[in-house]
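Since the structure comes first, as structure tokens, the remarks are kept for the end.
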Amino acid sequence: MRKIAASIMCADQLHLGEELRRLESAGVELLHCDVMDGIYVNNLALGPEYLEIVRNNTEIPLDIHLATITPLKYIDMYATAKPEYISFHVEVAEDVSEVIQKIRSYNIKPSIAINPETPIEAIDKTSYAERLVHIWSDVEKHV
């Protein structure tokens, strides 16, 4: 199943409500929300309070992408935004199963993100067959 997703980072932050309405009118089915910790990638982006505001102003489901070195640390913080998905990088998860369990404990769907150089075999296909998988193609913009 394919969904049309838009990155909320690309929105005009001074006119967020307008931008969200425009995305809804365009038929966007998922809002991709990059959370960056300044360590995993050389950028900081999108705090939990901001994403709660986004959630409260649109019906478009959220996919919160944790581009962080410690995904477990951020799950509690971002679950309050009630996203459909929380994505994390398998490259940095010490225990992928633990991260998945934590995400599911909030009734949120886990999603996997991998960098282009990560072998696709890093994803257990049977465990993630019905889950969202990101292959992060714009790493260079953030490092």
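The values are calculated or read from the model by the stated rules, or taken from the named source; none is laboratory data. All values derive from a computational prediction rather than experimental measurement. Quick reminder, even Gly has a Cβ in these numbers, built from the backbone with ideal geometry, and neighbours come from all protein chains shown. These accessible areas exclude ligands, DNA and RNA; they are computed on the full protein's heavy atoms, side chains included. Shrake-Rupley method; radii C 1.70, N 1.55, O 1.52, S 1.80 Å.
Points worth noting:
- The stretch 14-39: number of residues that are farther than 17 Å from Ile53 by Cβ and part of a strand (DSSP E or B): 3
- If you go through the stretch 72-106 and keep only what is outside any loop (DSSP other than H, G, I, E, B), open to solvent by less than 20 Å² (accessible area, probe 1.4 Å), within 14 Å of Cys33 (Cβ to Cβ) and not aliphatic (A, V, I, L, M), you end up with Tyr78, Ser87, Phe88.
- Yes/no for Glu59 being open to solvent by 40 Å² or more (accessible area, probe 1.4 Å) and either in contact with a strand residue (DSSP E or B) (Cβ under 7 Å, 6 or more places away or on another chain) or assigned to a loop (DSSP other than H, G, I, E, B) (or both): yes
- Filtering the stretch 107-123 to residues that are among the small types (Gly, Ala, Ser) and not in a strand (DSSP E or B) leaves only Ala122.
- Pairing residues of the stretch 14-40 that are open to solvent by 20 Å² or more (accessible area, probe 1.4 Å) with residues that are of a type in the set (Lys, Arg), at Cβ distances under 6 Å and at least 6 apart in sequence or on separate chains, gives Glu29/Lys3.
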